[in-house]
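Notes follow the structure.
The values are calculated or read from the model by the stated rules, or taken from the named source; none is laboratory data. Remember, predicted model here, so these are calculated numbers, not experimental data. In this analysis, Cβ positions are derived from the backbone assuming ideal geometry, glycine residues included, and neighbour counts consider all displayed protein chains. To get the accessible areas, we keep the full protein, side chains included, count just its heavy atoms, and leave off ligands, DNA and RNA. Shrake-Rupley method; radii C 1.70, N 1.55, O 1.52, S 1.80 Å.
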Amino acid sequence: PVPLDHRAVRLLPGPFDDARARNAAWLHALDPDRLLHRFALNAGLPPAAPLYGGWESATLSGHTLGHALSAWSRLAGAGDPTAARHLRHAVDGLARCQAARGDGFVGGMPDADRVFGELRAGVVRSSGFDLNDCWVPWYNLHKLFAGLVDAWTFTDDGDALAVATRLGDWAIRTTAALDDDAWQRMLDCEHGGMNEALADLADATGEERFLDLARRFHHRRVLEPLARGEDTLAGLHANTQIPKVLGCARLFELTGETLYRDVAEHFWRIVVDGHTYATGGHGSGEYFGPAGQLS
């Protein structure tokens, strides 16, 4: 089935449109230059505005801009002029940062050159939320990839797709030296939906190399049991696993490979039947518990 084109949908007055309007007002209040602060620093450029606080002042800095790109893109695609200006400003800023560096990278996490330089050399120190002493760098970049592709999807922004394409090529070069064991150790650290974002980039560009990279972001320790229909979720951070499975669903859409369909279908059945509360939640403190034991 062909998905309904987003431009064919408009909310009528009511609680959902009220919520959309409140979200839009908050998104209008965001300052793209503040979200670009560390992207500029990583490119050797002077920031145009001070850094936001919260997670943006930590090593997770940069991921908020990716979320904002996705949100602005949806609003802009529905005809919101303020969101369209924010999106244009942010994409232009990212393109300037990427051009200033010259290597294709663009990102907002501090110490990015050391973290990814070690990966390029084949060095992987990994845990659930830490990779080479940085808080979830691939999770961070997943938001940026997704936001840039959303800008292309919802507003036909070719500049955003060009930034994402150059960043994708940087990712290919950065991981080229990693053997399979190093890859799997790297994927032990939360990496968001990098498989989905790269699959979407492959679909947008028609470039097979991005589909190949998406396939490499396949965390076997979690996904292979799911492919067999086994429930090994107890004790796993739920938020970390869901994007991996969504990526498998997207890869099935693009490749038709049944491995990816099996992961997604089994995960759905296991979570809905064994891990879901009456409220619709599926974990406690973001973690899966034992199947059928929700108290």
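Structure values in brief
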item: Descending semi-axes in Å of the chain, equivalent ellipsoid built from Cα gyration tensor; result: 29, 25, 19
item: In order through the range 129-143: 3J(HN,Hα) via Karplus (6.51 cos²θ - 1.76 cosθ + 1.60), integer Hz, x for Gly, Pro; result: 10, 9, 10, 6, 6, 10, 6, 5, x, 6, 4, 4, 5, 4, 4
item: Cβ charges +1 (Lys, Arg) and -1 (Asp, Glu), total dipole of the range 64-119, debye; result: 260
item: Selection from W26, Y139, G104, by position along the positive dipole direction of the chain (Cβ); result: W26
item: FRET E, pair A182, D159, Förster distance 30 Å, beta-carbon r, rounded to 0.05; result: 0.35
item: Cα-Cα pairs of the range 186-245 separated by more than 19 Å (percent); result: 33
item: Whole-Å distance, taken between Cα centres, linking the range 251-289 and the range 122-191; result: 23
item: Dimensions in Å of the range 42-150 - Rg and Dmax from alpha carbons; result: 14.7, 46
item: L213 accessible area, assembled protein chains, probe 1.4 Å, Å²; result: 10
item: Estimated [θ] at 222 nm from DSSP helical runs (n ≥ 4, -39500 (n - 2.57)) normalised by residues in the chain, nearest 500; result: -19000 deg cm²/dmol
item: Apportionment of accessible area to carbon and sulfur, the range 1-140, percent (1.4 Å); result: 61
item: Note, ³J(HN,Hα) from phi for the range 144-153, Karplus 6.51, -1.76, 1.60, rounded to Hz, x at Gly and Pro; result: 5, 3, 4, x, 5, 5, 4, 4, 5, 5
item: Å² of accessible area per residue within the chain, as computed with a 1.4 Å probe and no ligands counted; result: 46
item: Dipole magnitude of the chain about its Cα centre (Cβ charges: Lys, Arg +1; Asp, Glu -1), debye to nearest 20; result: 440
item: Charge dipole (the chain, unit charges on Cβ, about Cα centre) - positive-most of N195, S127, A160; result: A160
item: Of all accessible heavy-atom area on the range 152-295, the percent that carbon and sulfur account for (1.4 Å); result: 50
item: Rg to Rh, two decimals, where the range 15-86 supplies the alpha carbon set and Rh follows Kirkwood; result: 1.03
item: Rg over Rh, two decimals, the range 133-184 (C-alpha only, Kirkwood Rh); result: 1.07
item: Reference-scaled alpha-carbon Rg (2.2 N^0.38 Å with N residues) for the range 135-289; result: 1.05
item: Selected from S73, S57, T175, residue furthest toward positive end of dipole (the chain; charges at beta carbon); result: S57
